[in-house]
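Enquirer: Have a look at the structure that comes next, please.
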Amino acid sequence: MKLKTNSYIVIIVLFLLGAVMPLVLRRYNLFMLTEIIIFALYAVSYNLLLGYAGLLSFGHAMFFGLGAFVAAVSIIHIPGLTLLSAVIISLVITTITGFLIGGLLLRHKGAYFALLTMAFNALFYAVATKWHSVTGGDDGLSISRPEMDLGFASLSVSSVSSFYYLILIVVGASIVFCWYFTHTAMGKTVLLMRENEERMKFLGYNTNISRLILFTFTGAIAGLAGAFYTLHFQFVSISAISIDMTTAVLLMVFVGGTRTFWGPILGAFVYIIFQNYLSDITDRWPLFMGLIFVFMVLYVPGGLSQTIVSIRQWFSGRTGTQDNGPAKAEET
Amino acid sequence: MSDYLHIKDIHKDFSGLQVLTGVDFKVVEKERHAVIGPNGAGKTTLFNIISGKFKASSGAILFKGEDLSGKPPHMLNRYGLSRSFQITNVFSELSVFENILTGVRSRYGLRYNFFKRPDHNKDFREKTEAIIEEVGLKDVGDLPASALSYGQQRALEIGITLSTEPELILLDEPTAGMTREETGQAISLIDRVTADRTLIIIEHDMDVVFSLADTISVLHYGKILASDTPDEIRNDQRVKDAYLGEE
Amino acid sequence: MNEIAVFFLHGLAYAGLLFLVSAGLTLVFGMMNVLNFAHAAMYMLGAYFSYSIMLRMSGQIWLSLIVCPIALFIIGALIERFLLRKVHANGHVAELLLTFGLAYIITELVKWYWGNYPLAVNVTGFLNGTVQIMGITYPIYRIFIFLCAIFVGLLMAFILYKTRLGIILRAAVNDSETVNTLGVNVPLVFMGVFAFGAALSGFAGVIAGPLLSTFPGMAHDILLDAFVVIVVGGFGSLGGAVVASLLIGELQSFGVLLFPKLSIALMYMLMAAVLIIKPSGLFGEEQ
């Protein structure tokens, strides 16, 4: 029980740290930190699928991209739309899409499921490329960020720091909810299903429905991240819905580690910084990405977070095995 | 007045191979009913059909007058059926407490909730603790299931089976692989926890069968050879022949 | 009428190519339950090797057809032995991610060595000629592709269903442990299967080069088409791959003619329809 209080303290400290960042960081770095938080949510949503439910999808970008495009399209076509309404529209549409696609694809398992998700991602990409009149095709869509309507007052979030605060609070809270989710009945059900699906069935759980609910939920969260991605860059291109965007999240989650909740957040952090600096010095970024993948799979399958946990346990004399049950994610 | 449980003319073939050829017997409420039979008689298949793992090729499973055949396992569980597994089938990385809690919260409908934390519910915690105590795992409640001894894992297996508060319990060779001493403890455990419930048990060990069962059904070549009290079964010539024929 | 014949034959040629790519993919998938994302990258590697060889052979393709599959066979065997086998114990997620990473590495290395632009090489000799067929003059090379596919398909069917090796292969899929205890070296069989799949992809790459030109995006393009073939045809089914390749090949070809705006989406719509009606694919077994 002591652990839980610790987790809440960590969350509060992180938010406080985040709150002082605009005073410390330069504008460019603050912009990057905003991006990191958005991608952290995307990575967390993906890890609920991969790490917690054991479902390997190569199509998570279809939800991220859909959320991004729906936000852009609705801001362009609905005059006077407020920021939060655009986000909610994205959320609703990605939820419905996730439900329909999940219903179709979840009848398959393992490698076959992975293949199908990739094919559907390709379908979304093809549609986004061809449907020029709506998505802008290869040119993408530019938007200007709408104001926040708080009911009693409108708030401008056009500056880098004000938008950063919005992201810190809204996206940060979404990440915290995802963390809380892993402790709720549904979150536990998903984890238990990965452990022993047959037994869950015999204990009265409808495992097919559970998987569909989780798939829909993670799709919606990815869509939410996508919507904020559009608002952040005030631009969306077809790369947001491409397989490269799936690769990106896969790499973040894998580098960070699937076995802890916070691993993917760390992964998003490392990935965005790494990508920003590497693409400055080399155009062989995909080669490094491939090498990192192979290296991680072969030598660090648990990711950075697993390494950190191991080091911490080693220092504490291997007593702390309880606090971070690797992969079994009981209390992470 | 319909029967409590009527296994009615169950047939099962696996791509042409006839395993069950018209199994038919009745189970009375609150009795302990053992199904025995030589190896390959189809006991496990029958058990898997009753518990919903397999679908019967034909026949019916009438539970209080309602046909349950073909219903998926999670629905059967909600009718009050619960089964154990011959090969220990627990959540091995999770604690004993979590293992039991999973069934307890399912019984009370807390399965897919996005907001409630099952471990925050005092009622569920108490019910879980009670079951853990009942199966004698109080001292190891916080350990992961994989850290338990074999006998303790078998006790946990029964604990999980009990966790959804079933009225009809199906036990699949609960003492398989146990030592004499462990078997003795298991018998008294089963005896205790199934009081006031209906039990169907598949068992190889005749000591277990005769010390627990009120009624015994003998399965032979995919059919019920006899279904009667232990004393009658003990003296039944057909049953003797069936078992002798095996050797 | 002539136009229809042209599009029909184009469709057959692409179907042949698709079959060559997806046959290897579905073989590895069916036998080892590994979805090899690097398959198309190996196909691309075959095409680039062939390009370099053909330049020196003044456009003759025959040497490439022998050398490239052998080279890819060796590469495939090495990948299986030293990478894939190491992560096998970590489950299929690790295997998929490994091949995924390899696909990136191979693609980037190819870009590095051969450059990031299309390379065209024209086949010479009698394959460069034309033939009168169905009332039109048609390039021999495209017909040659289709014939290669038929040859490879028959060869695979023969090996799988008429030889002792085929029996072992099919048994190893169902129950590798039992086959192992029967004295068959299952790891060696798996290495052979993976290497053979790589060789097939290399062969397909050689053939694709003169048809589609050789460029770094060729891997990505055909990978998704091959995925759709596998989904439509059915998990690990060779017969399914034949039928689905023909379907997709013709659909792609006539799609451009009939619904130019929808052409890409048509293939995926077919896939979605199959998934709704028969989730295991046209020839797939129920799992």
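The values are calculated or read from the model by the stated rules, or taken from the named source; none is laboratory data. On a predicted model such as this, the values are computed, not experimentally measured, just so you know. Backbone-built Cβ (ideal geometry, glycine too); neighbour counts: all protein chains shown.
Enquirer: Every residue in the range A:289-299 that is surrounded by fewer than 18 Cβ atoms within 10 Å (Cβ to Cβ) and either at the interface with chain C (Cβ under 9 Å from one of its Cβ atoms) or of a type in the set (Lys, Arg) (or both), please. Can you show your working first?
Expert: Residues of the range A:289-299 surrounded by fewer than 18 Cβ atoms within 10 Å (Cβ to Cβ): A:291, A:295, A:298-299.
Within the range A:289-299, A:Leu291, A:Phe295, A:Leu298 qualify.
Enquirer: Might you let me know whether the range C:145-154 holds any residue that is within 14 Å of another protein chain (Cβ to nearest Cβ), in contact (Cβ under 8 Å) with a residue 60 or more places away in the chain and exposed (fewer than 15 other Cβ atoms within 10 Å of the Cβ)? Can you show your working first?
Expert: If we filter the range C:145-154 for residues that are within 14 Å of another protein chain (Cβ to nearest Cβ), which is where we start, we get none.
Within the range C:145-154, not a single residue is within 14 Å of another protein chain (Cβ to nearest Cβ), in contact (Cβ under 8 Å) with a residue 60 or more places away in the chain and exposed (fewer than 15 other Cβ atoms within 10 Å of the Cβ).
Enquirer: Right, another one. Among the residues of the range A:219-233, is there at least one that is within 13 Å of another protein chain (Cβ to nearest Cβ) and touching a Cys at 6+ places or on another chain (Cβ under 8 Å)?
Expert: Step one: list which residues in the range A:219-233 are within 13 Å of another protein chain (Cβ to nearest Cβ), which gives A:220-221.
Of the ones still in play, those that are also touching a Cys at 6+ places or on another chain (Cβ under 8 Å) are A:221.
Yes, the conditions are met somewhere in the range A:219-233.
Enquirer: Which condition number does A:Gly98 fail, the rest of (1) at pLDDT 95 or above; (2) touching a strand residue (DSSP E or B) at 6+ places or on another chain (Cβ under 9 Å) being met?
Expert: (2)
Enquirer: Within the range A:158-216, how many residues are of a type in the set (Gly, Ala, Ser) and touching a Phe, Trp or Tyr at 6+ places or on another chain (Cβ under 6 Å)? It would help to see each step written out before you state the result.
Expert: So in the range A:158-216, the residues of a type in the set (Gly, Ala, Ser) come out as A:158-159, A:161-162, A:172-174, A:185, A:187, A:204, A:210.
From what's left, touching a Phe, Trp or Tyr at 6+ places or on another chain (Cβ under 6 Å): A:187.
Residues flagged as of a type in the set (Gly, Ala, Ser) and touching a Phe, Trp or Tyr at 6+ places or on another chain (Cβ under 6 Å) within the range A:158-216 amount to 1.
Enquirer: While we're looking at this one, here's another question. Would you pick out the residues in the range B:61-88 that are modelled with pLDDT of 90 or more, over 25 Å from B:Tyr108 (Cβ atoms) and surrounded by 15 or more Cβ atoms within 10 Å (Cβ to Cβ)?
Expert: Answer for the range B:61-88, where residues must be modelled with pLDDT of 90 or more, over 25 Å from B:Tyr108 (Cβ atoms) and surrounded by 15 or more Cβ atoms within 10 Å (Cβ to Cβ): B:Ile61, B:Leu62.
Enquirer: I've got another one for you. Among the residues of the range A:241-257, is there at least one that is outside any helix (DSSP H, G or I), within 14 Å of chain C (Cβ to nearest Cβ), crowded, with 24+ Cβ neighbours inside 10 Å and of a type outside the set (D, E, K, R)? It would help to see each step written out before you state the result.
Expert: Taking the range A:241-257 and keeping what is outside any helix (DSSP H, G or I), we get A:242, A:257.
Filter again for within 14 Å of chain C (Cβ to nearest Cβ), leaving A:242, A:257.
Those still in the list that are crowded, with 24+ Cβ neighbours inside 10 Å too: A:257.
Then drop every residue that is not of a type outside the set (D, E, K, R), which leaves A:257.
Yes, the range A:241-257 contains a residue that is outside any helix (DSSP H, G or I), within 14 Å of chain C (Cβ to nearest Cβ), crowded, with 24+ Cβ neighbours inside 10 Å and of a type outside the set (D, E, K, R).
Enquirer: Can you confirm whether A:Tyr271 is at the interface with chain B (Cβ under 10 Å from one of its Cβ atoms) and assigned to a helix (DSSP H, G or I)? It would help to see each step written out before you state the result.
Expert: Values: at the interface with chain B (Cβ under 10 Å from one of its Cβ atoms): no; assigned to a helix (DSSP H, G or I): yes.
No: the conditions fail for A:Tyr271.
Enquirer: Being touching a Pro at 6+ places or on another chain (Cβ under 8 Å) and assigned to a loop (DSSP other than H, G, I, E, B) is the filter; apply it to the range C:211-229 and report the residue that is nearest to the other protein chains (Cβ to nearest Cβ).
Expert: Of the range C:211-229, the ones touching a Pro at 6+ places or on another chain (Cβ under 8 Å) are C:213-215.
Adding the requirement that they be assigned to a loop (DSSP other than H, G, I, E, B) leaves C:213, C:215.
Values: C:Ser213: 21, C:Phe215: 16 Å.
This residue is C:Phe215.
Enquirer: Sticking with this structure for a sec: Of the residues B:Lys138, B:Lys43, B:Lys53, B:Lys64, which single one is within 14 Å of chain A (Cβ to nearest Cβ) and among the basic types (Lys, Arg)? Steps first, please.
Expert: Numbers: B:Lys138 fails: within 14 Å of chain A (Cβ to nearest Cβ); B:Lys43 fails: within 14 Å of chain A (Cβ to nearest Cβ); B:Lys64 fails: within 14 Å of chain A (Cβ to nearest Cβ).
Residue meeting the stated conditions: B:Lys53.
Enquirer: Name the residue that is modelled with the highest pLDDT, counting only residues in the range C:157-169 that are surrounded by 14 or more Cβ atoms within 10 Å (Cβ to Cβ) and within 11 Å of C:Val189 (Cα to Cα).
Expert: C:Gly166
Enquirer: Take residues that are more than 18 Å from A:Ser45 (Cα to Cα) and not hydrophobic (A, V, I, L, M, F, W, C) and tell me which of the helices (runs of 4 or more DSSP H) falling wholly in the range A:97-215 contain 3 or more. Even if it seems obvious, please write down each step before you answer.
Expert: Numbers: elements: A:110-130, A:132-135, A:160-181, A:185-195, A:197-202.
In the range A:97-215, A:110-130, A:132-135, A:160-181, A:197-202 are the helices (runs of 4 or more DSSP H) which contain 3 or more residues that are more than 18 Å from A:Ser45 (Cα to Cα) and not hydrophobic (A, V, I, L, M, F, W, C).
Enquirer: Consider only pairs whose beta carbons are under 6 Å apart and that are at least six residues apart or on different chains; among these, list those whose first residue lies in the range C:257-279 and is under 11 Å from A:Val127 (Cα atoms) and whose second residue is surrounded by 18 or more Cβ atoms within 10 Å (Cβ to Cβ) and among the aliphatic types (A, V, I, L, M).
Expert: Short answer, once both residue conditions are applied: C:Ile264/A:Ala126; C:Ala265/A:Ala126; C:Leu266/C:Leu251; C:Tyr268/A:Leu123.
Enquirer: Before we move on, is A:Arg284 crowded, with 21+ Cβ neighbours inside 10 Å, within 14 Å of chain C (Cβ to nearest Cβ) and either touching a Leu at 6+ places or on another chain (Cβ under 7 Å) or more than 14 Å from A:Phe39 (Cα to Cα) (or both)?
Expert: Details: crowded, with 21+ Cβ neighbours inside 10 Å: no; within 14 Å of chain C (Cβ to nearest Cβ): yes; either touching a Leu at 6+ places or on another chain (Cβ under 7 Å) or more than 14 Å from A:Phe39 (Cα to Cα) (or both): yes.
Judged against the criteria, A:Arg284 is not a match.
Enquirer: To continue, here is another question. Please go through the range B:58-107 and give me each residue that is within 22 Å of B:Thr44 (Cβ to Cβ) and assigned to a helix (DSSP H, G or I), ordered by number.
Expert: B:Pro73, B:His74, B:Met75, B:Leu76, B:Asn77
Enquirer: Could you check, for the range C:55-72, whether at least one of its residues is more than 26 Å from C:Ser213 (Cβ to Cβ), touching a residue at least 60 places away in the same chain (Cβ under 8 Å), of a type outside the set (Phe, Trp, Tyr) and not in a helix (DSSP H, G or I)?
Expert: Initial filter on the range C:55-72 (more than 26 Å from C:Ser213 (Cβ to Cβ)): none.
Checking the range C:55-72: not a single residue is more than 26 Å from C:Ser213 (Cβ to Cβ), touching a residue at least 60 places away in the same chain (Cβ under 8 Å), of a type outside the set (Phe, Trp, Tyr) and not in a helix (DSSP H, G or I).
Enquirer: Given the structure, is B:Leu110 within 9 Å of chain A (Cβ to nearest Cβ), part of a helix (DSSP H, G or I) and crowded, with 17+ Cβ neighbours inside 10 Å?
Expert: Values: within 9 Å of chain A (Cβ to nearest Cβ): yes; part of a helix (DSSP H, G or I): no; crowded, with 17+ Cβ neighbours inside 10 Å: yes.
No, not satisfied.
Enquirer: For the range B:77-98, name all the residues that are farther than 22 Å from B:Ala186 by Cα, within 7 Å of another protein chain (Cβ to nearest Cβ) and in contact with a strand residue (DSSP E or B) (Cβ under 8 Å, 6 or more places away or on another chain).
Expert: The answer is B:Glu93, B:Leu94.
Enquirer: Taking the residues in the range B:1-23 that are loosely packed, with under 15 Cβ neighbours inside 10 Å and more than 14 Å from B:Thr45 (Cβ to Cβ) as candidates, determine which candidate is modelled with the highest pLDDT.
Expert: Within the range B:1-23, the match that is modelled with the highest pLDDT is B:Asp9.
Enquirer: While we're on this one: Can we say C:Leu83 is in a helix (DSSP H, G or I), modelled with pLDDT of 90 or more and under 30 Å from A:Gly257 (Cβ atoms)? Show your work before the answer.
Expert: Working: in a helix (DSSP H, G or I): yes; modelled with pLDDT of 90 or more: yes; under 30 Å from A:Gly257 (Cβ atoms): yes.
When the stated conditions are applied, C:Leu83 passes them.
Enquirer: Taking the conditions exactly as written (free of Cβ contacts under 8 Å to residues at least 60 places away in the same chain, within 14 Å of another protein chain (Cβ to nearest Cβ) and of a type in the set (Gly, Ala, Ser)), does A:Ser174 satisfy them or not?
Expert: Details: free of Cβ contacts under 8 Å to residues at least 60 places away in the same chain: no; within 14 Å of another protein chain (Cβ to nearest Cβ): yes; of a type in the set (Gly, Ala, Ser): yes.
So A:Ser174 fails the test.
Enquirer: Can A:Leu203 be described as on the phi < 0 side of the Ramachandran plot, buried (at least 23 other Cβ atoms within 10 Å of the Cβ) and without any contact (Cβ under 8 Å) to a residue 12 or more places away in the chain?
Expert: Details: on the phi < 0 side of the Ramachandran plot: yes; buried (at least 23 other Cβ atoms within 10 Å of the Cβ): yes; without any contact (Cβ under 8 Å) to a residue 12 or more places away in the chain: yes.
The answer is yes for A:Leu203.
Enquirer: Only one residue in C:Glu108, C:Glu95 is at pLDDT below 90, within 13 Å of chain A (Cβ to nearest Cβ), surrounded by 15 or more Cβ atoms within 10 Å (Cβ to Cβ) and under 21 Å from the mean Cα position of the chain (by Cα). Which one?
Expert: Working: C:Glu108 fails: at pLDDT below 90.
Criteria check complete, one pass: C:Glu95.
Enquirer: Does at least one position in the range C:231-248 carry a residue that is touching a Leu at 6+ places or on another chain (Cβ under 9 Å), within 11 Å of chain A (Cβ to nearest Cβ), more than 30 Å from A:Thr129 (Cα to Cα) and at pLDDT below 90?
Expert: yes
Enquirer: Does the range B:159-204 hold any residues that are buried (at least 21 other Cβ atoms within 10 Å of the Cβ), among the hydroxyl-bearing types (Ser, Thr, Tyr) and in contact (Cβ under 8 Å) with a residue 60 or more places away in the chain, and which are they?
Expert: Correct list: B:Thr161, B:Ser163, B:Thr164, B:Thr198.
Enquirer: Among the residues of the range A:241-259, which ones are among the aliphatic types (A, V, I, L, M) and within 13 Å of the chain's Cα centre (by Cα)? Don't jump to the end; show me each part of the working.
Expert: In the first step, residues of the range A:241-259 are kept if they are among the aliphatic types (A, V, I, L, M); the result is A:241, A:243, A:245, A:248-253, A:255.
Within the range A:241-259, A:Met245, A:Ala248, A:Val249, A:Leu250, A:Leu251, A:Met252, A:Val253 qualify.
Enquirer: Going through A:Leu55, A:Leu81, A:Leu91 one at a time, which residue ends up being under 27 Å from C:Ala40 (Cβ atoms) and surrounded by 15 or more Cβ atoms within 10 Å (Cβ to Cβ)? Before the answer, list the steps.
Expert: Details: A:Leu81 fails: under 27 Å from C:Ala40 (Cβ atoms); A:Leu91 fails: under 27 Å from C:Ala40 (Cβ atoms).
So the residue among A:Leu55, A:Leu81, A:Leu91 that is under 27 Å from C:Ala40 (Cβ atoms) and surrounded by 15 or more Cβ atoms within 10 Å (Cβ to Cβ) is A:Leu55.
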